[in-house]
């Protein structure tokens with residue numbers, strides 16, 4: 001009976017719904033129950049090529065890139081309004097497919113709408129400049145769209161991460177092919193339907209589902225793709241960069257993080273505890289910018305860790321659709337096993353369990369992919385749990401004695417995406433922020449971002465910034481025109 005009630009989705013190419021060339025489907029699961037939620041086409045290289053070809057034809061057609069930019073902006077704004085109008089339905093679908101609590105999913109849909117609102121307003125403000133040069137000449141620059149852009153979207157924030165890169169790409173006049181993560185393709189497919197209804201021309205946005213290696217690789221290596229943007233693991237980013245290098249096409253990488261939260265002895269400890277809890281356990285810790293490393297001054301460690309542990313133990317696990325749920329499941333059983341292996345390895349290396357470190361025992365949670373919010377104390381810099389991205393609800397605790405030691409520990413990482421600083425000494429906070437090797441620094445605040453603020457990291461965390469006024473320039477090329485007036 002269940003199989004009959006499970007919907008089958010199709011891919012979206014050139015403004016139409018279609019099955020994959022292979023005719024194959026694969027199941028998508030509800031992580032809270034482990035049950036099949038839908039069947040989705042398992043695309044192949046031919047599907048990726050067809051989508052790129054459709055996007056290339058749409059780019060060559062002036063109906064999109066040649067349109068009055070203000071009209072392009074109005075279409076993007078209409079998309080943003082449609083997202084808001086369907087917020088409840090899209091959030092429910094996101095929760096059912098990803099597992100996060102419904103309130104968090106609603107925030108994601110609203111943030112996706114904000115991205116389209118923001119870049120809709122920029123569409124007619126992408127302008128060049130005149131340049132003074134010798135002689136009787138007029139010299140000026142023009143910002144042009146790149147062409148076809150490919151967007152490889154992660155499973156932790158399926159809709160909002162797609163919107164974050166699609167909005168500036170479309171605002172600049174590009175066309176796009178998006179590949180949602182295999183685990184979580186449903187909201188992006190619904191989004192494609194919404195875009196068509198809003199008046200986006202056929203072929204401007206295409207959505208192809210399937211495996212990352214096959215579809216993602218085919219997109220990154222396609223000669224007609226001018227830019228590939230990836231939010232994902234370091235391994236995925238490196239592979240995409242390798243494939244794109246054959247065509248000298250651009251790559252925007254937003255990769256992993258192992259983010260420190262530095263708490264000094266003078267910090268507002270209740271406020272810090274609340275921010276740290278939200279910063280590491282939101283979305284079950286499945287965030288590239290999760291504040292997963294607590295670096296705390298020794299004098300306040302016991303007090304702070306005790307408060308955090310109480311908060312973590314009190315979190316209510318369950319389906320994201322239940323109003324009392326404060327943390328949902330991990331996205332897949334494979335991800336839960338990965339988290340458990342990291343925790344077990346940390347314990348073997350000497351970390352001490354403060355709370356969590358196991359799957360819940362409640363009967364109603366057994367079929368889902370749940371893992372308790374976990375705090376590990378006495379973690380040293382050489383442990384894997386301190387150095388590698390776990391991507392789950394795990395907070396490690398390390399102490400420091402001085403400002404210099406805190407900064408050294410914070411920067412002792414292959415990653416450099418986000419860092420938090422908690423102190424009442426604002427001068428010290430600014431001084432520490434200058435010394436941190438992170439693309440984003442938050443002072444006395446949990447991880448938070450806005451469409452107008454740059455988002456990107458240093459070192460292995462990535463090579464560019466999404467969001468903000470400059471992000472749209474990533475999706476343009478500069479042409480210089482020199483006119484001899486004699």
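Every number in this text was worked out from the coordinates using simple rules, so none of it is lab data. As the structure is a computational prediction, the values presented were derived from the model and not from experiment. FYI the Cβ positions are ideal-geometry reconstructions off the backbone, even for glycines, and counts take in every protein chain you see.
If R0 equals 51 Å, the separation of the Cβ atoms of residue 21 and residue 313 corresponds to a calculated FRET efficiency of about 0.50.
The angle between the Cα long axis of helix 158-171 and the longest principal axis of the Cα atoms of the chain comes to about 30 degrees, rounded to the nearest 10.
Each label point was placed 7 Å from the Cα along the Cα-to-Cβ direction; for residue 382 and residue 444 their separation is 3.9 nm. How much of the DSSP beta bridge set in the range 260-450 is antiparallel, as a percent to the nearest 5? The answer is about 15 percent antiparallel.
Under Stokes-Einstein, with the Kirkwood radius over Cα pairs standing in for Rh, what whole-number D in µm²/s applies to the range 164-284 at 37 °C and 0.692 mPa s? Stokes-Einstein gives a translational diffusion coefficient of 193 µm²/s. Comparing Cα centroids, the range 78-122 and the range 222-282 end up 21 angstrom apart.
Rounded to the nearest 0.05, what FRET efficiency is calculated for residue 482 and residue 338 with R0 set to 41 Å and r the Cβ-Cβ distance? Using R0 = 41 Å, I get an efficiency of 0.15. The spacing between the range 16-76 and the range 464-486, judged by their C-alpha centroids, is 28 Å. Show me the three semi-axes of the equivalent ellipsoid for the range 260-450, from the C-alpha gyration tensor (sqrt of 5 times each eigenvalue), largest first, rounded to whole Å. Equivalent ellipsoid semi-axes, largest first: 27, 17, 15 Å. Mind pulling the angle between the C-alpha long axis of helix 301-313 and the longest principal axis of the chain? Nearest 10 degrees, somewhere in 0 to 90. The angle comes out near 70 degrees. Modelled this way, with points 7 Å down the Cα-to-C-beta line, the labels at residue 14 and residue 435 are 6.0 nm from one another. If R0 is taken as 30 Å, the Cβ-Cβ distance between residue 247 and residue 67 corresponds to a FRET efficiency of 0.65. To the nearest ten degrees, helix 269-281 and the longest principal axis of the Cα atoms of the chain are 60 degrees apart. Can you compute the helix-only [θ] at 222 nm over the chain? Use -39500 (n - 2.57) per DSSP H run of at least 4 residues, normalise by all residues, nearest 500 deg cm²/dmol. Here the helix-only value at 222 nm equals -11500 deg cm²/dmol.
The distance between label points at residue 5 and residue 235 comes to 3.7 nm (points 7 Å beyond Cα on the Cα→Cβ vector).
The mean of 1/r over all distinct Cα pairs in the range 336-400, once inverted, gives the Kirkwood hydrodynamic radius of 12.0 Å. Computed over the Cα atoms of the chain, the ratio of the radius of gyration to the Kirkwood radius (Rg/Rh) comes to 1.00.
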